[in-house]
Amino acid sequence: MRRTLALAAVTALVAAPASTASLRVKGVDATHFPHVTVTVVASKRSGAPRLRENGSPVRGVLARNLGRDKSVVLAIDRSQSMKGRALADATAALRKFVASKPSSDRLALIGFGSKAVELTRFSSATIDADIALRDVTVDETQGTALYDTVVLGSRALRKEDSASRVLIVLTDGANASKGASRAAAIATARRSHVAVYTVGIESEQFSPAALRTIAASTGGHYFPAASSGALAAVYDRLAAELARTWRLEYVTSARPGETPCSRRPFRALAARPQGSACRATRTARTPRPWSPKRSTRARSEHCSLRRSRDCSR
């Protein structure tokens with residue numbers, strides 16, 4: 001059976017009372033166990049949050065703020081449903097986002113309709129992305145390669161030197177392609193240490209389920225837009241959230257679950273408030289620690305091999 005791994009982040013707000021600030025743990029990624037990534041969002045800009053495992057401060061935490069020094073892929077839906085006002089509003093919102101980016105951020109652009117295509121390479125300059133956005137047109141072939149876009153963007157970001165990697169995907173519909181699956185898209189993003197933020201232009205026929213799942217599974221966030229005209233304000237909110245988002249990476253001291261012969265609970269991680277700072281918790285699952293089949297004989301043999309170290313007598 002799997003045991004849960006509870007992670008808690010305690011903020012390091014500078015002289016801020018708890019009543020004026022809040023903290024939210026958006027995700028815990030143990031894909032690269034024992035390396036763990038925790039995504040934390042503060043209600044206002046602050047110093048890096050601090051992490052506690054099993055009540056003790058975690059040492060060696062690498063904290064990165066997504067508001068600065070990052071690589072970003074902007075992906076824009078150019079499928080046939082975006083024809084007209086929707087595409088015009090989308091490109092205008094993205095051009096504004098590009099123009100106001102931190103100078104150190106490196107940007108690349110992807111357009112997707114029936115296929116996902118890289119429109120620009122990464123650059124800290126804005127001119128290439130701005131020109132490409134001015135030239136974006138609707139795809140003449142039907143289809144929306146949403147999941148292929150996540151795969152393409154994640155693979156491009158994986159080649160970047162920056163460890164802070166963000167993919168922002170804008171669409172008005174669901175995946176309509178025989179390419180990658182949603183599970184494959186999420187797996188690629190997680191392997192590439194990419195946080196996927198999704199923006200959906202909602203309508204009566206629109207379902208945000210897939211976009212919510214992709215964002216939640218990668219430490220990102222889903223932003224709904226009531227109409228294409230609201231996109232500029234949505235991207236402003238997205239930029240503000242990135243400035244308040246921290247990705248905390250560390251090597252956990254916890255073991256991967258519980259051995260099949262032991263009834264003792266896996267090492268728990270718990271939050272402890274520090275002074276007037278706020279706190280937040282999130283639960284994740286650790287990998288299965290063993291491979292033998294769950295027969296009585298296999299269980300007995302596995303226990304005898306590991307009893308001296310891990311198994312309860």
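When the criteria are applied in full, Thr188 fails the requirement of being assigned to a helix (DSSP H, G or I), crowded, with 19+ Cβ neighbours inside 10 Å and touching a residue at least 40 places away in the same chain (Cβ under 8 Å). Only a single item in (1) assigned to a helix (DSSP H, G or I); (2) touching a residue at least 60 places away in the same chain (Cβ under 8 Å); (3) of a type outside the set (S, T, N, Q) is not met by Ala240, and it is number (2). Against the conditions (1) under 17 Å from the mean Cα position of the chain (by Cα); (2) modelled with pLDDT of 90 or more; (3) closer than 25 Å to Ala93 by Cα, Ser217 satisfies every one except (3). Of all the listed residues (Ala210, Ala226, Ala233, Ala195), the sole one being more than 25 Å from Gly47 (Cβ to Cβ) and crowded, with 16+ Cβ neighbours inside 10 Å is Ala210. Count of segment 27-76 residues, restricted to those that are within 25 Å of Ser154 (Cβ to Cβ), in contact with a Leu (Cβ under 6 Å, 6 or more places away or on another chain) and not in a strand (DSSP E or B), is 3.
Scanning segment 213-223 for residues that are of a type in the set (A, V, I, L, M, F, W, C) and surrounded by 19 or more Cβ atoms within 10 Å (Cβ to Cβ) yields Ile214, Ala215, Phe223. All of Ala99, Ala145, Ala156, Ala163 fail the test of being buried (at least 23 other Cβ atoms within 10 Å of the Cβ), touching a residue at least 12 places away in the same chain (Cβ under 8 Å) and in the same structural domain as Ala185 (by TED's automatic domain parsing), apart from Ala145.
Being charged (D, E, K, R) and farther than 15 Å from Gly219 by Cβ is the filter here, so list the residues in segment 141-182 that pass it.
Kept after step one, since they are charged (D, E, K, R), are these residues of segment 141-182: 148, 155, 158-161, 165, 172, 178, 182.
Matches in segment 141-182: Asp148, Arg155, Arg158, Lys159, Glu160, Asp161, Asp172, Lys178, Arg182.
Taken over segment 236-252, the residue count meeting the criterion of being among the polar types (S, T, N, Q), surrounded by fewer than 22 Cβ atoms within 10 Å (Cβ to Cβ) and modelled with pLDDT of 90 or more is 0. Which of the residues belonging to segment 191-219 are touching a Gly at 6+ places or on another chain (Cβ under 8 Å), part of a loop (DSSP other than H, G, I, E, B) and in contact (Cβ under 8 Å) with a residue 60 or more places away in the chain? Scanning segment 191-219 gives a single hit, Gly219.
The values are calculated or read from the model by the stated rules, or taken from the named source; none is laboratory data. As the structure is a prediction and not an experimental result, all values here were calculated from the model. Note: ideal-geometry Cβ built from the backbone for every residue, glycine included; neighbour counts use all protein chains shown.
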